[in-house]
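Chemist: This is the structure I want to talk about, given as structure tokens.
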Amino acid sequence: MTPAPRGLVGRPLRRQEDPRLLRGNGAYVGDLALPGLLHLAVLRSPHAHARLVDTDLALAAKSPGVVAVLRAADLGGVGPLPVLTHPPGQRQTEFPVLPADRVVYAGQPVAAVVAESRYAAQDALDLMRVTYDPLPALTDVIQATAPGAPRLYAAWPDNVAVAREIGPGIPEGLFASAPVVVEATFTMPRQTAAPLEGRATCAAYDAGAGVLTVWASSQAPHQYRTVLAGALGLDEERIRVIVPDVGGGFGVKLHYYPEELLACVAAMRLGRPVRWVEDRSEHFVATVHAREQTTRARAAFDARGTLLGLDVHVRGDVGAHLHTKGAGPIFLGGAVLPGQYAVRHFRARLEGVVTNKVPAGAYRAFGMQQAAFVIERLLDVAAARLGLDPAEIRHRNYPPPGAFPFRNAAGMVYDSGDYRATLERALEVADYAGLRAMQARERARGRLVGVGLAGYVEVTGMGPSRLMAAMGNRQGGYETAVVRLDPSGGATVFTGIIEIGQGIRTSLAQVAAEALTLPHDRVRVVLGDTDVCPYSCYGTADSRGSVVGGAAVREAARLLRGKITRLAAHMLEASPDDVELADGACRVRGVPARAVTLAEVAREAQRGQNLPPGMDPGLDARFTYQPENWTHPYGVHVVAVEVSRELGTVDLLGYWVAHDCGTLLNPLLVDGQLAGGVAQGIGGALLERLVYDDTGQPLCRTFMEYALPTAAAIPPLVIAHLETPSPHTPGGMKGMAEGGTIAAPAAVASAVADALAGAGVDPAAIDFYPLTPARIFALLDAMNPGIKITRPSA
């Protein structure tokens, strides 16, 4: 056996998953070739809001290759789908599979067809005749919350689906007496996750066994099974969900959608497997959107730049109805609105407002990106008004390292940190003084060069089940792992966490391998099968895989190590206290010749003929980790940009990140997640925006209208790591997969505002993103009203 290197945790090992994927051997839902496979296609509403007058599917049912058609009247006893968060006062707890009398957004499923081929199914959609009676549409939260606005739901007094207030409040007179008050209305865009692989489901029903098997591109298959059982009226143990390779999730595959249920219904009724695979146009009009908020905020500062108070009103656009995650992003973002800063006086009103748009939901950074944008822009504007460097005003507002665990003004307890050290490290790796000197030289030449920065705190490791319940979340946050020593001397880990491209197989293998002193490639990780893997309520989300899942694997492997040592001591006729486990073998300390390999121990455990008293055959261990709190990684981003006066474009000259996610399991994976997150955040900062017209029609249905960043737009990324272990996570890990995305729009906006200040633009004018050329031109034009420039379109 190859000796196992010591200290596997913390080593930049390459991903176990990559060779198979790079050779083209990935297997996705769309690759399934089951005998008798049928294909599902969905008819979608062309209207944002309309009554359903008549639905005639007769011609479609007779179309060549069509096997069945489905509408709401055909789904008796099926559905609805649940909203998994129920905070007090929430006005919706479910949504329909198919609407019976009214559509509430363009793209909403209205009917479905099942055919022998996808082509036949698509052709049949053109033969469906639906008569609509259009109704007025609500298209933004300002309109929807205006006095006298039409109500989307007649039984409600207004269009606010759910609301809450947080924070201790603002003392009377605080803002009136403060030396500096910054007030702004921030607008954050509607965006989509756009994973490489869209949503996909394939269902097959074994009527004899009464078992439904579903292959799904999902981030949470156990909860998927639970939701299907409730909506279909099946016993949960009669459903098996298998997740093959997943081509990206970013949060949208935590949701449960009508199309998935329709595929299951069709498979059960027709006795043949049925598959539905989302195309890209469907993704734009049917998969949950995210991010869109209008936030009114004001911040009070003293003459030194100390943040005295923060008062915020968030109106988040949740779309036509609450979806699986409810208003979770709005509420989680509210909890981190104070950011990294030690503000005492804080109040926030958080509202989820319905409009006639695609429902909103989870997307990487889950409300935290918007919160970071608000607080970081407020600090930048205050710094400009006080004549302070943006780095200095942040330094003056950090809690000291000795204040941790630190309860922020919203009541969330940050577990550990040293924000000042992280800021200083970011400024060091960026050569901040050198950047400022370069900026001064280039400004003298007339170039609009800017330097910006932004900090953030991420909420990861969802989460403490008890606290989640108190917040109205109907999912537990624990994670269970089973670790088994195999007869070969290798180990197998069983987990409910899902691989969606983040490399979780590799990191969990490292954790188990270190505990068992095995090479990491001798540990196999099994996931993505509800019949085999332990139940995971929450799945892969909230940067929790390595925190909650990793902690469970670590503790299960440690329990298994104790069992191995006990059996090896029995085999060696030694005391367990005298036996050590190293390099894949058990040996008596001081007597290296007295040793047995892990394979020999495993085979003896399998035979069960020579076991210590009270030990059962086999060697495995199970551990359930219930977090006591979230973990809170954090970081600072520094960006240098140039804004073109002629084109209105933003060129990124450099990007630097200092980041602390506690104990690093695998720096290579962490760097990859940060780089991908930064790229995603840059796209959001500069390009991505889902636009609707005044009638509620989505104007972005392809990548021609919704631009994503290319590799050419992303500058070289420099990353520096700090490690402040979490005091309550076994192993000290914190999550980190969303940190790159959280801070990027705020950091880019900071740099763009700094650049435009060279043209006389007030930094307070940058209260929005994305920062498209048309919007930048508008700001430059306002400073030069006599100069007419032909602007590019938005």
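The values are calculated or read from the model by the stated rules, or taken from the named source; none is laboratory data. Worth saying up front: this structure is predicted, and the values here are computed from it rather than measured. Using ideal geometry, Cβ is built from the backbone for each residue, glycine included, and neighbour counts are taken over all protein chains shown. When the accessible area is computed, the model is the full protein with side chains, heavy atoms only, and any ligands, DNA or RNA have been set aside. Shrake-Rupley method; radii C 1.70, N 1.55, O 1.52, S 1.80 Å.
Chemist: For the range 478-487, name all the residues that are within 28 Å of the chain's Cα centre (by Cα) and surrounded by fewer than 24 Cβ atoms within 10 Å (Cβ to Cβ).
Modeler: Those that are within 28 Å of the chain's Cα centre (by Cα) and surrounded by fewer than 24 Cβ atoms within 10 Å (Cβ to Cβ): Tyr478, Thr480, Val482.
Chemist: Which of the residues belonging to the range 262-276 are buried (at least 24 other Cβ atoms within 10 Å of the Cβ) and in contact with a Gly (Cβ under 7 Å, 6 or more places away or on another chain)?
Modeler: Those that are buried (at least 24 other Cβ atoms within 10 Å of the Cβ) and in contact with a Gly (Cβ under 7 Å, 6 or more places away or on another chain): none in the range 262-276.
Chemist: Within the group Pro80, Pro96, which residue is in contact with an Asp or Glu (Cβ under 6 Å, 6 or more places away or on another chain), closer than 19 Å to Glu260 by Cα and open to solvent by 30 Å² or more (accessible area, probe 1.4 Å)?
Modeler: Only one candidate passes the filter, namely Pro80.
Chemist: Test Glu555 against the stated conditions and say whether it is open to solvent by 10 Å² or more (accessible area, probe 1.4 Å), part of a strand (DSSP E or B) and closer than 20 Å to Val483 by Cβ.
Modeler: No, not satisfied.
Chemist: Provide a single number: the residues in the range 488-510 that are open to solvent by 10 Å² or more (accessible area, probe 1.4 Å) and farther than 11 Å from Arg15 by Cα. Don't jump to the end; show me each part of the working.
Modeler: To start, the set of residues in the range 488-510 that are open to solvent by 10 Å² or more (accessible area, probe 1.4 Å) comprises 488, 494, 499-502, 505.
Filter again for farther than 11 Å from Arg15 by Cα, leaving 488, 494, 499-500.
Qualifying residue count, the range 488-510: 4.
Chemist: Just to verify a result, which residue in the range 764-783, among those that are under 20 Å from Gly339 (Cα atoms) and open to solvent by 10 Å² or more (accessible area, probe 1.4 Å), is nearest to the chain's Cα centre (by Cα)?
Modeler: Within the range 764-783, the match that is nearest to the chain's Cα centre (by Cα) is Phe768.
Chemist: I need the full set of residues from the range 511-521 which are open to solvent by 10 Å² or more (accessible area, probe 1.4 Å) and out of contact with any helix residue (DSSP H, G or I) (no Cβ under 7 Å at 6 or more places or on another chain), in order please.
Modeler: Once the filter is applied, which keeps residues that are open to solvent by 10 Å² or more (accessible area, probe 1.4 Å) and out of contact with any helix residue (DSSP H, G or I) (no Cβ under 7 Å at 6 or more places or on another chain), the range 511-521 yields Glu514, Thr517, Asp521.
Chemist: Here's a follow-up. Only residues that are more than 25 Å from Val9 (Cβ to Cβ) and not β-branched (Val, Ile, Thr): list them for the range 658-688, please.
Modeler: Ala679, Gln680, Gly681, Gly683, Gly684, Ala685, Leu686, Leu687, Glu688
Chemist: Of the residues that sit in the range 610-641 and are in a strand (DSSP E or B) and surrounded by fewer than 19 Cβ atoms within 10 Å (Cβ to Cβ), which one is nearest to the chain's Cα centre (by Cα)? Let's see the steps before the verdict.
Modeler: First pass over the range 610-641, keeping only residues in a strand (DSSP E or B): 620-625, 631, 634-641.
This time we only want the ones that are surrounded by fewer than 19 Cβ atoms within 10 Å (Cβ to Cβ), so: 620, 622, 624.
Values: Asp620: 32, Arg622: 28, Thr624: 23 Å.
It comes out as Thr624.
Chemist: For the range 120-137, name all the residues that are under 17 Å from Gln108 (Cβ atoms), assigned to a loop (DSSP other than H, G, I, E, B) and hydrophobic (A, V, I, L, M, F, W, C).
Modeler: Met128, Leu135, Ala137
Chemist: From the residues in the range 147-187 that are part of a strand (DSSP E or B) and of a type in the set (D, E, K, R), which one is nearest to Ala749 (Cα to Cα)?
Modeler: Filtering the range 147-187 for residues that are part of a strand (DSSP E or B) and of a type in the set (D, E, K, R), the one nearest to Ala749 (Cα to Cα) comes out as Glu183.
Chemist: Only one of (1) without any contact (Cβ under 8 Å) to a residue 12 or more places away in the chain; (2) crowded, with 17+ Cβ neighbours inside 10 Å is not met by Asp206, so which one is it?
Modeler: Among (1) without any contact (Cβ under 8 Å) to a residue 12 or more places away in the chain; (2) crowded, with 17+ Cβ neighbours inside 10 Å, the lone unmet condition for Asp206 is (2).
Chemist: For Arg474, state whether it is of a type outside the set (Val, Ile, Thr) and closer than 19 Å to Met736 by Cβ.
Modeler: Spelling it out, it is not the case that Arg474 is of a type outside the set (Val, Ile, Thr) and closer than 19 Å to Met736 by Cβ.
Chemist: Sticking with this structure for a sec: May I ask you to say which residue of Pro576, Pro612 is without any contact (Cβ under 8 Å) to a residue 60 or more places away in the chain and in contact with a His (Cβ under 7 Å, 6 or more places away or on another chain)?
Modeler: Pro612
Chemist: While we're here: So if I check each of Glu183, Glu116, Glu197, which one is acidic (Asp, Glu) and over 30 Å from Gly271 (Cβ atoms)? If you could, list the steps in order and put the result at the bottom.
Modeler: Values: Glu116 fails: over 30 Å from Gly271 (Cβ atoms); Glu197 fails: over 30 Å from Gly271 (Cβ atoms).
Every option except Glu183 fails the conditions.
Chemist: On the basis of being in a helix (DSSP H, G or I) and touching a strand residue (DSSP E or B) at 6+ places or on another chain (Cβ under 7 Å), does Ala658 make the cut?
Modeler: No; evaluated as a whole, the condition is false for this residue.
Chemist: Turning to a different aspect of this structure: For Gln108, state whether it is within 24 Å of Leu261 (Cβ to Cβ) and open to solvent by less than 30 Å² (accessible area, probe 1.4 Å).
Modeler: Yes, satisfied.
Chemist: State the number of residues belonging to the range 515-551 that are assigned to a helix (DSSP H, G or I) and within 21 Å of Pro633 (Cβ to Cβ).
Modeler: Residues that pass the stated criteria total 7.
Chemist: Of the conditions (1) open to solvent by less than 20 Å² (accessible area, probe 1.4 Å); (2) at pLDDT below 95, Gly677 fails just one. Which one is it?
Modeler: Among (1) open to solvent by less than 20 Å² (accessible area, probe 1.4 Å); (2) at pLDDT below 95, Gly677 violates only (2).
Chemist: Ok, one more. How many residues does the range 111-140 contain that are open to solvent by less than 10 Å² (accessible area, probe 1.4 Å) and among the β-branched types (Val, Ile, Thr)?
Modeler: Number of matching residues: 2.
Chemist: Mind checking whether some residue in the range 646-654 is open to solvent by 60 Å² or more (accessible area, probe 1.4 Å), over 27 Å from the mean Cα position of the chain (by Cα) and modelled with pLDDT under 95?
Modeler: Looking through the range 646-654, at least one residue is open to solvent by 60 Å² or more (accessible area, probe 1.4 Å), over 27 Å from the mean Cα position of the chain (by Cα) and modelled with pLDDT under 95.
Chemist: Next question. Would it be correct to say that Val181 is within 30 Å of Arg385 (Cβ to Cβ) and either open to solvent by 10 Å² or more (accessible area, probe 1.4 Å) or at pLDDT 95 or above (or both)?
Modeler: Yes; evaluated as a whole, the condition is true for this residue.
Chemist: Sticking with this one: Give the range 26-40 a look and list any residue that's hydrophobic (A, V, I, L, M, F, W, C) and either surrounded by 16 or more Cβ atoms within 10 Å (Cβ to Cβ) or touching a residue at least 24 places away in the same chain (Cβ under 8 Å) (or both), or say none.
Modeler: Ala27, Val29, Leu32, Leu34, Leu37, Leu38, Leu40
Chemist: In the set Val318, Val285, Val312, which member is more than 28 Å from Asp415 (Cα to Cα), buried (at least 24 other Cβ atoms within 10 Å of the Cβ), of a type in the set (A, V, I, L, M) and in contact (Cβ under 8 Å) with a residue 60 or more places away in the chain?
Modeler: Val318
Chemist: Another question about this same structure. Within the range 244-258, is there a residue that is more than 26 Å from Ala106 (Cβ to Cβ), buried (at least 24 other Cβ atoms within 10 Å of the Cβ), of a type in the set (Val, Ile, Thr) and in contact with a helix residue (DSSP H, G or I) (Cβ under 9 Å, 6 or more places away or on another chain)?
Modeler: yes
Chemist: Looking only at residues in the range 559-595 that are assigned to a strand (DSSP E or B) and in contact with an Asp or Glu (Cβ under 8 Å, 6 or more places away or on another chain), which one is surrounded by the most Cβ atoms within 10 Å (Cβ to Cβ)?
Modeler: This residue is Cys586.
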